[in-house]
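The values are calculated or read from the model by the stated rules, or taken from the named source; none is laboratory data. Note that this is a predicted model, so its numbers are computed, not measured. Backbone-built Cβ (ideal geometry, glycine too); neighbour counts: all protein chains shown.
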C-alpha cells in the first residue's frame, strides 16, 4: 500500500494503491527479466534517489509484488525479484508501453537494457517479420537475452539459446541506435548469420507520435 491511498473500491484504484507511486512501475519493469541487486536497479533508474528507490522497494515488498532474497555462494548478494503476483503485471506493462510509446518525449536520457528489451517487444512488427523463423542471442552491456521470432511473434527472455542463428554483442546505446536510429551494423554480429541478424534488427519500426 502506498503512502497516499485512493478511497475508491474500483479495481483500478486498488491497483494504483499498490503500484501507483512514482518509480513503482519502473521498478517492476527493471525486474521483468529476472532478479537484480539494488545497485543494478539504481543503474537502470539513475534519476531515482537512493532513498526513494529504497522506499519503493520496501512498499512493493510489503504489497507482495516483489521479494528480497540472498543468493548462494559465490555471489552471496541480496537481490530483488518479482513474485508470481508481480509477474502478472508483465502483460499490463507491455500494453502500457505500447500505448505510451506514441506519446511525444523530449527526454535525451539513455534507455536501460531492460527498457530497451521492452521497447523491442512493444514495437515488433509481425508484418515485417513475415515468415522469419529464427533465434538470436543478444549480449547487451554484459546482460544476455535470447530473442525468438516465429509465426509473426517475438519472445525475449533472459539467457542464451542452445543454437542461435546469430549472436549480437554490443551496448545498449549502440543497439538502440541500430534498432531505432537506423544505424548500419558494424562488428556487432560476433557469430552466425549476419544477414539474418540485420533483418532481425529491422523488425522494430519507430512508433508514430500522437500529439493530440
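Tell me, yes or no, whether the stretch 46-64 has at least one residue that is under 16 Å from the mean Cα position of the chain (by Cα) and not assigned by TED's automatic domain parsing to the domain that holds residue 142.
Filtering the stretch 46-64 down to residues under 16 Å from the mean Cα position of the chain (by Cα) leaves 46.
From what is left, the residues that are not assigned by TED's automatic domain parsing to the domain that holds residue 142 are 46.
Looking through the stretch 46-64, at least one residue is under 16 Å from the mean Cα position of the chain (by Cα) and not assigned by TED's automatic domain parsing to the domain that holds residue 142.
Of these, 132, 118, which one is within 30 Å of residue 58 (Cα to Cα) and either in a loop (DSSP other than H, G, I, E, B) or in contact with a helix residue (DSSP H, G or I) (Cβ under 6 Å, 6 or more places away or on another chain) (or both)?
On the way: 132 fails: within 30 Å of residue 58 (Cα to Cα).
On inspection, the qualifying residue turns out to be 118.
Assess whether residue 57 counts as being at pLDDT 95 or above, in contact with a strand residue (DSSP E or B) (Cβ under 9 Å, 6 or more places away or on another chain) and outside any loop (DSSP other than H, G, I, E, B). Break it down stepwise before answering.
Details: at pLDDT 95 or above: yes; in contact with a strand residue (DSSP E or B) (Cβ under 9 Å, 6 or more places away or on another chain): yes; outside any loop (DSSP other than H, G, I, E, B): yes.
Yes; evaluated as a whole, the condition is true for this residue.
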Subset of the stretch 64-96, residues modelled with pLDDT of 95 or more and part of a loop (DSSP other than H, G, I, E, B), comes to 64, 65, 83, 88, 89
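Going residue by residue through the stretch 184-195, is there one that turns out to be in the same structural domain as residue 123 (by TED's automatic domain parsing), touching a residue at least 60 places away in the same chain (Cβ under 8 Å), in contact with a strand residue (DSSP E or B) (Cβ under 9 Å, 6 or more places away or on another chain) and surrounded by 12 or more Cβ atoms within 10 Å (Cβ to Cβ)?
Narrowing the stretch 184-195 to residues in the same structural domain as residue 123 (by TED's automatic domain parsing): 184-195.
Narrowing the set further to residues that are touching a residue at least 60 places away in the same chain (Cβ under 8 Å) leaves none.
Scanning the stretch 184-195 turns up no residue that is in the same structural domain as residue 123 (by TED's automatic domain parsing), touching a residue at least 60 places away in the same chain (Cβ under 8 Å), in contact with a strand residue (DSSP E or B) (Cβ under 9 Å, 6 or more places away or on another chain) and surrounded by 12 or more Cβ atoms within 10 Å (Cβ to Cβ).
Taking into account only those residues within the stretch 100-115 that are in contact (Cβ under 8 Å) with a residue 12 or more places away in the chain and assigned to a helix (DSSP H, G or I), which is surrounded by the fewest Cβ atoms within 10 Å (Cβ to Cβ)? Before the answer, list the steps.
Restricting attention to the stretch 100-115, the residues satisfying the condition of being in contact (Cβ under 8 Å) with a residue 12 or more places away in the chain are 101-104, 109-115.
With the extra rule that they be assigned to a helix (DSSP H, G or I), the set shrinks to 113-115.
Values: 113: 22, 114: 25, 115: 20.
Filtering first and then ranking leaves 115.
Scanning the stretch 203-212 for residues that are more than 17 Å from residue 153 (Cβ to Cβ) and in contact (Cβ under 8 Å) with a residue 60 or more places away in the chain, which turns out surrounded by the most Cβ atoms within 10 Å (Cβ to Cβ)? Walk me through how you get there before you give the answer.
Looking only at the stretch 203-212, we keep the residues that are more than 17 Å from residue 153 (Cβ to Cβ), and these are 206-212.
Cutting the leftovers down to in contact (Cβ under 8 Å) with a residue 60 or more places away in the chain gives us 206-211.
On the way: 206: 11, 207: 17, 208: 7, 209: 10, 210: 10, 211: 6.
Checking each candidate, the answer is 207.
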Looking at the stretch 140-184, which of its residues are within 15 Å of residue 204 (Cα to Cα) and part of a loop (DSSP other than H, G, I, E, B)? 152, 180, 181, 182, 183, 184
Among all residue pairs at least 6 apart or on different chains, which show Cβ distances below 6 Å where the first residue, located in the stretch 28-48, is surrounded by fewer than 20 Cβ atoms within 10 Å (Cβ to Cβ) and the second is modelled with pLDDT under 95 and in a loop (DSSP other than H, G, I, E, B)? 37/77
